[in-house]
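The values are calculated or read from the model by the stated rules, or taken from the named source; none is laboratory data. As the structure is a computational prediction, the values presented were derived from the model and not from experiment. When we count neighbours, we look across all protein chains shown, and the Cβ atoms used for this are built from the backbone with ideal geometry, even at glycine. With ligands, DNA and RNA removed, areas are computed over all heavy atoms of the protein, side chains included. Shrake-Rupley method; radii C 1.70, N 1.55, O 1.52, S 1.80 Å.
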Amino acid sequence: MTAVIAVLILAAPAGAHAVLLQTSPAAGQTYPSGPKVVTLLFDENVQVGLGGIRLLDSKGNRIDTAKPSQSNGGKEVSVGVPGLKDGTYVVTWRVISADGHPVQNAFTFSVGRATAVGQTATQLANSLLAKQAGSKPVGITYGVLRFVEFVSVAIMLGGFAFLVLCWPNGRRSRTTLRLIRGSWVVAFVGSIATVLIASSYTAALKFADSFKWSVVHDYVDTHVGRMLALRVVVLIVVALVGWPFLKRAKNDALQLAVGGVAGLALIATFTLAGHARSGFQIPLAIVTDLAHVTAFTLWFGGLIVMMVAVLRPDDPSELEPAVSRFSALALGAVVVLTGTGVYQGWRQVGSFGALKSTTYGRLLLVKIALVAVVVIVAATSRDTVRNRLGGDDDDDDDDTPDAEVRAPLPVGPGAALAVDDDRAGVARRLRISVAIEVVFLVAVLATTALLVDAAPARTAINAPFSQTIEAQGINFEVLLVPARSGPNDLHVTATKESGLLDNVLQLNLTLSNPEKNVAPIAVKLIKLGPGHYTSNALTIPFSGTWQLQIKALVTQIDEVDASATIHVRS
């Protein structure tokens, strides 16, 4: 429940995973005649269609544009526009990143001269963008559905694996059968609901639009939409294969092979709809993510079956073999989780600095801490059970049956179980330990759900520096690319509140680093046009926190000062 509440409280629109690098027409510029095409260039391939690119006039009226087209490997999106009259225009855009998250923003440009409106151009853009930002309840519902969906799939697949690998006689347990079948029902209904809600979420629409065929059809036509629709189909296959398996007393090799493939396909629908599809080393990332999710599913699903069925045995003699087999399985799962988790952390974060300075990094630290708690609880449980059973490790004979099950294992259920009359007491202690592990693993799942919505740390920390600085009626739009030590491109555009470029008489910029006692360094600027200045060969010697100071001479005697703090990466 706590995990669900956390998702409810913290659920928000996903962070910007794809980064907009350039627009044509340029933001804030004024052109003598209207452009024929609006083009957006991103740092990765995107999908467009749901929301797409919209062109609006100064009154917020939408102007019909051509169907979006893509080039440059899907990184560049363009729409043809009709002839435009003089005035101010707003471009709002909403695209889907490679990892399935919608990204949106807006910018303005003018033709001839700006149109007088009751608000600034920036306010107009923000107002129009807010109207297509989507419904907060839809976003929260989508986040909760994904969380519930993965929990139910993990219990179902992990439960199946537990019966096959650890507890074949568990198919006689009504509790276990109800658990697995119930989790399938939740997963199936949840998957259908996720497709519907995700359609509205991605298109920034309301709940009622989730049931419109045109909206759902457009969403399923995207990569992530196809993965979610495929999940529903694979769940049906899992049911067709799994239901007969639960009724049989013995395993069927062909049935197990088909079920294993179907289970991996089901997990793959999560992997192929997430961060593994974006960034670098994509093939390796997909394989490791698939292994990571599979290992977690085996561990988590097995613990759930342990808690609700195995540790409440009708026949106490079955307790020891099921627990010892699961201990070996859990050990392998922990090893795989650790190895793949380290790789994924490096791939998505890249540096220790990003762990502290990005939302993704901080959430990852929370996840690591939660997993560490699970391991500590399991180790404590192992020691407690060993002491409860009595005996000294030095007196153990390696040839005895108990020697193997008393070996140190990473999870609570791996503690030694003696064949004596005290199985019920041991089961109670293990049940408490496993329950604690499950609680923390659910918290891990909740944190993972938030990680999925957060922009990967590498993306966030490598994004160009972009900031609008307001000072005495002038907006200075600063863009520094790539905002790293070494060569950079700097653009500074001065605009009035009306959205028109402000043709300042003179613009002077300096960069300083007080932390390293670096005095202000003058930045050599080239004037590209009214209010638009650039420095194409700006070299920042080292990383750190730099201060950008702007001095704009607006009249012969009036000067406007502005400043910004820029975090330069190495």
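Data overview
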quantity	calculated
The range 270-360 - Kirkwood radius from inverse mean 1/r over Cα pairs (Å)	15.2
Spin-label model distance (nm) - ASN517 vs SER71, 7 Å beyond Cα toward Cβ	5.3
Around SER69: net Lys/Arg minus Asp/Glu count, Cβ-Cβ under 15 Å	+2
All-pairs alpha carbon distance profile, the range 151-265, 5 Å steps from 0, percent	2, 12, 20, 20, 14, 11, 9, 7, 5, 2
Listed residues THR340, THR510 arranged by accessible area, highest first, probe 1.4 Å	THR510, THR340
Per-peptide average of other Cβ atoms within 10 Å, ordering 146-156, 204-214 highest first	146-156, 204-214
nm² value of the averaged projected area, convex hull over the Cα atoms of the range 497-570	5.9
Leading residue at positive end of dipole, the range 177-331 (Cβ point charges), from VAL308, LEU177, SER324	LEU177
Solvent-accessible area per residue for the range 436-536 (1.4 angstrom probe, square angstrom)	45
Burial order of peptide ranges 513-522, 324-333, 56-65 (average beta-carbon count within 10 Å, highest first)	324-333, 56-65, 513-522
Spherically averaged projected area of the range 21-84 from its Cα convex hull (nm²)	4.7
Per-selection Rg to Rh, the range 191-322 - Cα, Kirkwood hydrodynamic radius	1.08
